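Visitor: Below is the structure I would like to discuss, written out as structure tokens.
The values are calculated or read from the model by the stated rules, or taken from the named source; none is laboratory data. What you see is a predicted model, and the numbers here were worked out from it, not measured in a lab. Virtual Cβ from ideal backbone geometry, glycine too; neighbours counted across all protein chains shown.
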Amino acid sequence: MTARLAVSLALVLALAGCDRAVEPYVPGESVEPPDLSRIFPEGAQRSAERAEAAQEPAAQPGRGAPPVAAASSPPAPSGEPAPIRGTVSLAPELEGRVPAGAVLFLIARRGSEGPPVAVQRIVDPELPLEFSIGPEDRMIQQMPFEGPLTLSARLDSDGNAMTRLSGDLQGAAPGTHEPGATGVSIVIDEVL
């Protein structure tokens, strides 16, 4: 008798958790995306939309579109720091070692370790590549884009920022840089 009561109780709890079955189906009803504002901070969705846009071939430098030129970058909105501009290049001794379909990750951090402040993902980059990384590339929009920042770049063979595979290439700009810096040179000169 106790087992029957436990099964009945489990069934009632399971049915009570799903309220969709209670409402009738309405023909032509549209599906609406969930409101994620309570889960993600303001601006996080914009970061996700930029990441998706970066994966579209038409929006990627190196795929028919000219590289981002330092002079053509839009000015920073008032109150926002200016982006850091420069060039990513490949060391001559690594010519021919770029993996096919490589993705370039351009990363700005406070210090040499820790989470990135800002990241850009560029598919099939043509090196040398002019870059501009700034407040619009922040991982979390509420995180201030302020220096001093270290800049690094990695040519990743599998396109996954979380993995570092043997044969991936990386490099860093010497020193630290403040927002608004120009002429920053990142040379990819190391093989993982």
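Visitor: When you scan region 134-172, how many residues do you find that are within 14 Å of A118 (Cβ to Cβ), of a type outside the set (V, I, T) and under 20 Å from the mean Cα position of the chain (by Cα)?
Guide: Residues flagged as within 14 Å of A118 (Cβ to Cβ), of a type outside the set (V, I, T) and under 20 Å from the mean Cα position of the chain (by Cα) within region 134-172 amount to 18.
Visitor: Report the residue count in region 135-167 for those that are crowded, with 20+ Cβ neighbours inside 10 Å and either in contact with a strand residue (DSSP E or B) (Cβ under 7 Å, 6 or more places away or on another chain) or part of a strand (DSSP E or B) (or both).
Guide: Looking only at that region, the number is 10.
Visitor: Is at least one residue of region 89-99 farther than 21 Å from R164 by Cα, modelled with pLDDT of 90 or more and not in a loop (DSSP other than H, G, I, E, B)?
Guide: yes
Visitor: Condition first: within 25 Å of A181 (Cβ to Cβ) and either surrounded by 18 or more Cβ atoms within 10 Å (Cβ to Cβ) or acidic (D, E) (or both). Now tell me which residues in region 84-108 satisfy that.
Guide: I84, R85, G86, V88, L90, V103, L104, F105, L106, I107, A108
Visitor: Still on this structure: Can you tell me which of (1) part of a strand (DSSP E or B); (2) at pLDDT below 90 is the one S112 doesn't meet?
Guide: The single condition S112 does not satisfy is (1).
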